[in-house]
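The next block holds one structure in the form of structure tokens; read it before the comments.
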Amino acid sequence: MADRRKSKIKLIKLYEILRTETDSDHALTTYDLIERMDKLGIVCDRRTLSSDIDDLNSVGLSVHVKRDGHKKAYYVDDNAFSVPELKILIDAVQAASFIPEDMSAEIIEKLSALGGTHREEVLKGNQVAFNTRKHTNRDVLLTVGVINKAISEHKKISFYYFDLNENKERVYRKSKRRYKESPAALVFNDDNYYVVCYSTKHRKQLNYRVDRMDVVRIEEEFAAHETGILADNLSEYTKQAFRMFSGEPEEITIEFSDSLTGVIFDKFGENTHIERLSDKKCRTTVSVQISPTFFGWLFQFGNELNVVHPNKLQKLYKEKLMEIH
């Protein structure tokens with residue numbers, strides 16, 4: 001029984017070495033592997049190593065063999081993520097303002113390790129700290145875990161919700177009385193993480209920033225049935241609510257300089273139909289939620305973008321412009 005246990009440990013350690021230290025460009029020879037196993041206090045020789053490799057392959061772990069001069073060399077090249085995939089994930093963590101700086105470093109360390117020893121060094125040596133707006137709520141991962149569990153169990157959540165004052169102190173809304181909502185989904189938008197909820201009290205969808213939530217709990221009460229409808233239509237809801245925030249949804253037609261075509265695609269998606277009116281002017285009809293945020297987005301483009309329909313919105317847009325002059 002003891003010999004069988006040692007054999008299992010030997011195979012586990014052997015594969016661990018191959019998985020973390022090798023890839024198609026960095027194979028380990030028989031001598032290299034024997035040396036590493038010896039440092040772990042595990043007896044291994046040329047005769048048994050070949051048999052151990054066969055055992056690993058027999059259970060589908062795919063240990064490859066190649067020639068290194070006159071020697072055999074072994075490697076594992078089945079990393080779950082490629083370097084470009086890990087780079088994208090690492091950059092996303094760095095860009096996400098809701099993840100505190102020290103926590104970002106911990107997550108990036110784990111992501112880099114997924115690439116194996118050699119790729120890890122490449123990933124760590126190619127980082128740019130481009131987000132200087134990191135928030136400081138270290139409970140954010142715990143909060144995400146609780147919300148995700150509540151969504152899967154179709155339960156309501158309760159929580160405190162706060163803002164920050166000029167001294168970076170938490171100022172709780174509703175005099176620190178708990179909110180109780182039905183969570184439908186977690187949504188990442190503009191470097192922040194939100195939970196989209198259906199509010200039974202207000203009979204509409206509401207968004208809460210995860211990094212502004214505190215002491216989140218799962219309630220015994222089941223979530224409102226509207227959360228299922230909201231989740232099924234989440235793509236359409238987020239397209240409106242997170243691009244233009246709260247307000248009444250409406251179909252509008254805008255005309256704009258063709259130099260803003262990329263801006264329109266970025267805001268409304270690349271499936272947006274755009275009609276060319278002239279050499280320098282285009283038009284499109286999109287669905288937005290009319291709100292101060294929407295007007296703020298319009299104002300930044302001046303005369304290069306104008307509302308042409310409906311007439312009431314065109315008139316309101318002109319009135320808003322007059323207010324700021």
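The values are calculated or read from the model by the stated rules, or taken from the named source; none is laboratory data. Just so it is clear, the model here is predicted, and its values are computed rather than measured. Glycine also receives a Cβ, built like all others from the backbone with ideal geometry; neighbour counts cover every protein chain displayed.
Which is exposed (fewer than 14 other Cβ atoms within 10 Å of the Cβ) and modelled with pLDDT of 90 or more, of Lys168, Lys180, Lys176? If you could, list the steps in order and put the result at the bottom.
Details: Lys168 fails: modelled with pLDDT of 90 or more; Lys180 fails: exposed (fewer than 14 other Cβ atoms within 10 Å of the Cβ).
Testing whether each residue is exposed (fewer than 14 other Cβ atoms within 10 Å of the Cβ) and modelled with pLDDT of 90 or more leaves just Lys176.
Are there any pairs with C-beta distances below 6 angstrom linking a residue in the stretch 152-165 that is assigned by TED's automatic domain parsing to the domain that holds Lys201 and among the polar types (S, T, N, Q) to a residue that is part of a strand (DSSP E or B) and surrounded by 11 or more Cβ atoms within 10 Å (Cβ to Cβ), with the two at least 6 apart or on different chains, and if so which?
Ser158/Lys180; Ser158/Arg217; Ser158/Glu219
Of the conditions (1) within 20 Å of Pro100 (Cβ to Cβ); (2) β-branched (Val, Ile, Thr); (3) modelled with pLDDT of 95 or more, Val195 satisfies every one except a single condition; which number is it?
It fails just one condition, (3).
Any chance you could count how many residues in the stretch 169-182 are within 19 Å of Phe98 (Cα to Cα) and touching a residue at least 12 places away in the same chain (Cβ under 8 Å)? Steps first, please.
At the first step, the residues of the stretch 169-182 found to be within 19 Å of Phe98 (Cα to Cα) are 169-172.
Those still in the list that are touching a residue at least 12 places away in the same chain (Cβ under 8 Å) too: 170, 172.
Qualifying residue count for the region: 2.
Might you check whether a residue that is modelled with pLDDT under 85 and more than 30 Å from Thr200 (Cβ to Cβ) occurs anywhere in the stretch 279-291?
Scanning the stretch 279-291, I find no residue that is modelled with pLDDT under 85 and more than 30 Å from Thr200 (Cβ to Cβ), so the answer is no.
Gly247 - would you say it is surrounded by fewer than 12 Cβ atoms within 10 Å (Cβ to Cβ), closer than 24 Å to Asp190 by Cα and either of a type outside the set (A, V, I, L, M) or at pLDDT 90 or above (or both)? Full working, then the answer.
Numbers: surrounded by fewer than 12 Cβ atoms within 10 Å (Cβ to Cβ): no; closer than 24 Å to Asp190 by Cα: yes; either of a type outside the set (A, V, I, L, M) or at pLDDT 90 or above (or both): yes.
Here the answer is no, as Gly247 does not meet what is asked.
Six or more apart or on different chains, Cβ under 9 Å: which pairs go from a residue in the stretch 31-42 that's closer than 17 Å to His70 by Cβ to one that's loosely packed, with under 13 Cβ neighbours inside 10 Å and not acidic (Asp, Glu)? Could you list them?
Tyr31/Arg46; Tyr31/Lys71; Ile34/Arg46
Is there a residue in the stretch 88-99 that is polar (S, T, N, Q), in a helix (DSSP H, G or I) and touching a strand residue (DSSP E or B) at 6+ places or on another chain (Cβ under 7 Å)?
Initial filter on the stretch 88-99 (polar (S, T, N, Q)): 94, 97.
This time we only want the ones that are in a helix (DSSP H, G or I), so: 94.
Pick out the ones that are also touching a strand residue (DSSP E or B) at 6+ places or on another chain (Cβ under 7 Å) and you get none.
Within the stretch 88-99 (the criterion being polar (S, T, N, Q), in a helix (DSSP H, G or I) and touching a strand residue (DSSP E or B) at 6+ places or on another chain (Cβ under 7 Å)), the answer is no, since none of the residues qualifies.
Of all residues being within 35 Å of the chain's Cα centre (by Cα) and aliphatic (A, V, I, L, M) in the stretch 23-77, which is surrounded by the fewest Cβ atoms within 10 Å (Cβ to Cβ)? Just the residue, please.
Here the answer is Val59.
Does the stretch 271-304 hold any residues that are more than 15 Å from Glu319 (Cα to Cα) and of a type in the set (A, V, I, L, M, F, W, C), and which are they?
Listed by number, the residues that qualify are Ile274, Leu277, Cys282, Val286, Val288, Trp297, Phe301.
Would you mind stating whether Val263 is at pLDDT below 85 and either more than 30 Å from Asp139 (Cβ to Cβ) or surrounded by 13 or more Cβ atoms within 10 Å (Cβ to Cβ) (or both)?
On the way: at pLDDT below 85: yes; either more than 30 Å from Asp139 (Cβ to Cβ) or surrounded by 13 or more Cβ atoms within 10 Å (Cβ to Cβ) (or both): yes.
When the stated conditions are applied, Val263 passes them.
Name the residue that is surrounded by the most Cβ atoms within 10 Å (Cβ to Cβ), counting only residues in the stretch 281-297 that are touching a strand residue (DSSP E or B) at 6+ places or on another chain (Cβ under 6 Å) and either outside any strand (DSSP E or B) or among the hydroxyl-bearing types (Ser, Thr, Tyr) (or both).
Phe294
From Leu56, Leu11, Leu33, Leu49, which residue is farther than 24 Å from Val83 by Cβ, in contact with a Ser or Thr (Cβ under 7 Å, 6 or more places away or on another chain) and in a helix (DSSP H, G or I)? Walk me through how you get there before you give the answer.
Details: Leu56 fails: in contact with a Ser or Thr (Cβ under 7 Å, 6 or more places away or on another chain); Leu11 fails: in contact with a Ser or Thr (Cβ under 7 Å, 6 or more places away or on another chain); Leu33 fails: in contact with a Ser or Thr (Cβ under 7 Å, 6 or more places away or on another chain).
Result: Leu49 is the single residue among Leu56, Leu11, Leu33, Leu49 that is farther than 24 Å from Val83 by Cβ, in contact with a Ser or Thr (Cβ under 7 Å, 6 or more places away or on another chain) and in a helix (DSSP H, G or I).
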